[in-house]
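The values are calculated or read from the model by the stated rules, or taken from the named source; none is laboratory data. Keep in mind that what you see is a predicted model, and the values were worked out from it rather than measured. Here the Cβ is made from the backbone with ideal geometry for all residues, glycine too, and neighbour counts use every protein chain on show. Quick note on the areas: whole protein, heavy atoms, side chains included, nothing else; ligands and nucleic acids left out. Shrake-Rupley method; radii C 1.70, N 1.55, O 1.52, S 1.80 Å.
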Amino acid sequence: KPGMSAQEELARDILGHAKLLTLRGAPTLYYGDEQGFAGTGNDQQARQDMFASNVAEYNADRLVGTNATTATDNFNPGHPLYRAIATLAKVRRETPALSRGATLLRAGSDKPGLFAVSRIDTDTGREVLVAFNTSAAPLSGHIAVDPASGGFTSLAGTCPAAPQAPGSLALSLPAFGYAVCAAKP
């Protein structure tokens, strides 16, 4: 995006995948998402070659999170998007509330900033708070949580171990950051 640094673009892309893998619905990842392939639009321009390409139009595309082009092999398990998506996919697999839980809005706005939901495991009633900073600046705030949720474990990002007061969790998120906080049983 014009005016956005490469680090901000990467953080924003990771944030988008965090939303995809923690909010309601069935996540769909496309070939190359984990390597920063963004394409230039439409189906034909959406997926470059994963391995060294001879297609000049593809090789001219910028990749998110790297200075590489598609002119060289791009399968890299160390790519920051690859690592983030792998972590989030594991969290989703191991946390039933994220794949089939009820959703309760905790914070939101029509402007960039804090967006948070609780995903509630329908079998156990266990709360998983998912919070996102959709702005380019760090933020701190208090988020309403179930008063019965006395402590939290971080599944991704940084989560406070306990609410500041019953029903209120103080959370700080970096620019384009996120946290997945599971209430302790």
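Side notes on the structure shown:
- Among the residues making up the stretch 1-30, those that are in a loop (DSSP other than H, G, I, E, B), at pLDDT 80 or above and open to solvent by 60 Å² or more (accessible area, probe 1.4 Å) are ARG24, ALA26, THR28, LEU29, TYR30.
- Scanning the stretch 137-158 for residues that are over 15 Å from the mean Cα position of the chain (by Cα) and among the hydrophobic types (A, V, I, L, M, F, W, C) returns ALA137, LEU139, ILE143, ALA144, VAL145, ALA148, PHE152.
- Cβ-Cβ contacts under 7 Å between residues 6 or more apart (or on different chains), taken from a first residue in the stretch 3-30 that is in contact (Cβ under 8 Å) with a residue 40 or more places away in the chain and closer than 16 Å to ALA86 by Cα to a second residue that is outside any helix (DSSP H, G or I) and of a type in the set (Phe, Trp, Tyr), are listed as ALA11/PHE176; LEU15/PHE132; LEU15/PHE176; LEU15/TYR178; ALA18/PHE132; ALA18/TYR178; LYS19/PHE132.
- Each residue in the stretch 79-98 was checked for being more than 13 Å from the chain's Cα centre (by Cα) and at pLDDT 95 or above, and 5 pass.
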